[in-house]
Every structure is written in C-alpha cells, then in structure tokens.
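For reference, the structure is listed below as structure tokens.
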Amino acid sequence: MPARFVAQNPALAPLFAAVGFAIVGSGWFAFNILKNDPTVVLKKEGEQDPWNQVRQDRNTKFYSPNASFWQDRVGLPDPRAAFLSVDGSSAAQKAKDKVKEIKARGVGNREH
C-alpha cells in the first residue's frame, strides 16, 4: 500500500526516505547511548557509579575532533589519587568537615 502511494506520487519519495532515515538514525543513536555511555545506569545492582571507573585515556564522547588529546593521556596517573591523603581519609570528607565548621562559626554573616 505505501509503495503504491509513493509510485502514484513520486515527489513524496524523498520525504519518505528522509523520515525513514531519521527514524532509523534516532533509534540507533538512542541504543548507542544506552549501550556505551558510562553515565547511564540501567542495572540497579552492581557498580552504582560506573562513571568513576572511566580510564583517563577513554573517549566517552560520540564525536571528538581532538583525538590526539585522548592518545596523549595514555599512561597518566589517576587524578583521583591526589584527593586521598596518606592516612586514608579523603579530601572530600575533610572539605565537608570544613564546611560544617564554617557554618557553625557563622562566617559569611556580615555585621554592619
């Protein structure tokens, strides 16, 4: 039936082709994002934050015009190691404690 309609109206053939291409392309792109993007979590069990496991040299972008940037990062140390102190406590916990301390002192409240 659609083939007969397009045969009777050949000017609509590019429209059908473009819409068909758009539907297939958008379906492929959505599947690609769900399958390959480390920030999308479909499983509720296992690793809850897989974006923290992305290597320094892995390109997670769909398109990256600067491919040499990722190649230059091969072998670099993990920058998250800089946020861990020698005694095992993290800098994030220290920062949270500092924020609590500042809020407790009331710093930032100006007295005129």
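The values are calculated or read from the model by the stated rules, or taken from the named source; none is laboratory data. Everything numeric in this text was worked out from a predicted model, so none of it was measured. Cβ placement follows ideal geometry from the backbone for every residue including glycine, while neighbour counts extend to all protein chains displayed. Accessible surface is based on the protein model in full, side chains and every heavy atom, while ligands, DNA and RNA are left aside. Shrake-Rupley method; radii C 1.70, N 1.55, O 1.52, S 1.80 Å.
Only protein heavy atoms count here; on that basis, with a 1.4 Å probe, Phe31 has an accessible area of about 130 Å².
Near Gln71: Cβ cut-off under 12 Å, other residues only, Lys/Arg at +1 and Asp/Glu at -1. The net charge is 0. Residues Ser64, Ser26, ordered by accessible area of protein heavy atoms at a 1.4 angstrom probe radius and largest first, appear as Ser26, Ser64.
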